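We did not get these values from a lab; they are worked out from the coordinates using the rules stated. A quick note: this is a predicted structure, and the numbers were derived from the prediction, not measured. Note: ideal-geometry Cβ built from the backbone for every residue, glycine included; neighbour counts use all protein chains shown.
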């Protein structure tokens, strides 16, 4: 018995015809008949009976057809997996500006263990542009902050992200006693609409009945921090980044309310059968211990 004989058997079972099976398999009818006869002889079982409607499976044939399908599917998966071990898989991964919270070294290390010859391109951008690039087919997967609700994208919520309002260290006295009414009078350093921080900040202020008029816009956390240090205004910042700057006496964290968003790993669902994308999904689940 070989896989070609199993494939012939399943095709005859599905078409109920030696002639149609021969046409689909690009074989002669005698060759198809020989494959069936060989299987019947090897296993001492009758697979088909001839009827006016064509080739009809026997009770034993029905059982063997299902087993043959499983065997062919397993063989196909085996071949695909074997080829993927030596094929150079490619993947374009979008990342947000500060890679520290992404555990990128660990992600890359585990990915290479799963896909030895992977070729990975990392493109840094803000969350909204990463989403746009995924939907346009320019990226395969990426990390973003904020909610993702597009059904074309697969999503794993990796971890919560706490954000706080920060201002220059020199403004500490004014900010530490400021309520929302006073806070909205400070110049505000905003982020572009495509940046998740923009929507997060807008919702944050709206929940507290406050509105701000941006004095300037910046799209990188490093630039935001530098502008705040230069006393250009206040802004919304990830708490982990802000705490480091506050310890260095560069910024001051407003002691009022904070808000929480989420770090997500997202991918193009049309590409999730790609060995590299599948390996990335498994890697993210493993590192952040997210159930499958």
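Numbers for the structure displayed
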quantity: Footprinting exposure proxy for 119, 133 (fewest neighbouring C-beta atoms within 10 Å first); calculated: 119, 133
quantity: Identified option (computed Rg/Rh (Cα atoms, Kirkwood Rh); candidates (1) 0.94; (2) 1.27; (3) 1.08); calculated: (2)
quantity: Within the chain, helix-based [θ] at 222 nm, where runs of 4 or more DSSP H residues each add -39,500 (n - 2.57), nearest 500; calculated: -14000 deg cm²/dmol
quantity: Estimated distance in nm for a label pair at residue 58 and residue 24, the labels positioned 7 Å out from Cα along Cα-to-Cβ; calculated: 2.2
quantity: Inter-centroid distance (Cα atoms) of the stretch 127-186 relative to the stretch 227-292, Å; calculated: 8
quantity: For the stretch 3-86: relative contact order, % (alpha-carbon pairs under 8 angstrom, 6 or more apart); calculated: 29
quantity: Contact order normalised by residue count of the chain, Cα under 8 Å, 6+ apart, percent; calculated: 21
quantity: Degrees separating the helix 59-86 axis from the principal Cα axis of the chain, which is the longest one; calculated: 50
quantity: Neighbour-count order for 243, 134, fewest beta carbons within 10 angstrom listed first; calculated: 243, 134
quantity: Semi-axes of the equivalent ellipsoid for the stretch 3-86, Cα gyration tensor, largest first, Å; calculated: 25, 15, 11
quantity: The stretch 159-262 - Rg and Dmax from Cα coordinates, angstrom; calculated: 12.2, 33
